[in-house]
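Q: The following block contains the structure, expressed as C-alpha cells.
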Amino acid sequence: MSSVKLEKLSLSTGGVHFFVEAEINGRPARLLVDTGASHSVVGNYWIISTGQFNGVTASNAPVIGLASTENSTARRLKISSILIDGRKIPKASLFVVDLSHLNEQYPGRGEIDGLLGSDLLSVMRAEIDLRALRLKF
C-alpha cells in the first residue's frame, strides 16, 4: 500500500477540505477528495486550459449535488491514464462539469480542477488517514 500527502484547506466556516495532486492524461490536476461524490469529475476550465477537448464525448448522465448548481447532465472525458503519486488508477472515467461555482467560493485558495469521488476511491481501495494527512491506496 502506498500513500500520498493530502493538502488540508481550512475554511472560514470552520470546515475543511482535502486535496490530492494527480495527473490526468499527462496533465497536472488538483482534485478535491470527496467521499460524498458518487462520481469523479473534472471541471470545464481544466478541459479548456489543458486542451483535452478531443477526449470529451456526449453523455446523458445526470449530475446532482456539489458538482452542479442544479440538476443537469454531464459529458464524459475519455481517460488514457490517471496517476496519483505515480500509480495508475485502473478503470478510470471522469465526467466533465462546471466547477466555477466551487472556485468562486474559494478565491485565492488554488483552482479546484476536479473531484476525486467514491467511484475511484473504491477502485483504489483508498483509506483516508486524517491524523497523518495521507491518502493510502
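The values are calculated or read from the model by the stated rules, or taken from the named source; none is laboratory data. Only a predicted model underlies this, so the values are computations on that prediction, with no experimental measurement involved. Cβ: placed from backbone, ideal geometry, glycine included. Neighbour counts: every protein chain shown.
Q: If I go through region 6-31 residue by residue, how many of them are in contact with a strand residue (DSSP E or B) (Cβ under 9 Å, 6 or more places away or on another chain) and of a type outside the set (A, V, I, L, M, F, W, C)?
A: Narrowing region 6-31 to residues in contact with a strand residue (DSSP E or B) (Cβ under 9 Å, 6 or more places away or on another chain): 6-11, 16-26, 28-31.
Still in the running and of a type outside the set (A, V, I, L, M, F, W, C): 7-8, 10, 17, 21, 23, 25-26, 28, 30.
Count: 10.
Q: Which residues, taken from region 79-137, are hydroxyl-bearing (S, T, Y), out of contact with any Ser or Thr (no Cβ under 7 Å at 6 or more places or on another chain) and within 17 Å of H17 (Cβ to Cβ)?
A: Let us first name the residues in region 79-137 that are hydroxyl-bearing (S, T, Y), namely 80-81, 93, 100, 106, 118, 122.
Applying the additional criterion that residues be out of contact with any Ser or Thr (no Cβ under 7 Å at 6 or more places or on another chain) yields 80-81, 93, 100, 106, 122.
Selection gives S100, Y106.
Q: Next up: Can you go through F137, F95 and tell me which one is under 25 Å from N54 (Cβ atoms), among the aromatic types (F, W, Y) and either exposed (fewer than 11 other Cβ atoms within 10 Å of the Cβ) or in contact with a Leu (Cβ under 9 Å, 6 or more places away or on another chain) (or both)?
A: Numbers: F137 fails: under 25 Å from N54 (Cβ atoms).
Criteria check complete, one pass: F95.
Q: Would you kindly identify the strands (runs of 3 or more DSSP E) lying entirely within region 6-121 that contain at least 3 residues that are among the polar types (S, T, N, Q) and at pLDDT below 90? Talk me through it step by step, then tell me what you get.
A: Values: elements: 7-10, 16-24, 27-33, 41-43, 56-63, 72-77, 82-84, 94-97, 114-116.
Hits in region 6-121: 56-63.
Q: Could you please find all residues in region 122-137 being over 15 Å from L6 (Cβ atoms) and not in a loop (DSSP other than H, G, I, E, B)? Reasoning before the result, please.
A: The first filter runs over region 122-137 and keeps only residues over 15 Å from L6 (Cβ atoms), leaving 122-123, 125.
Listed by number, the residues that qualify are S122, V123.
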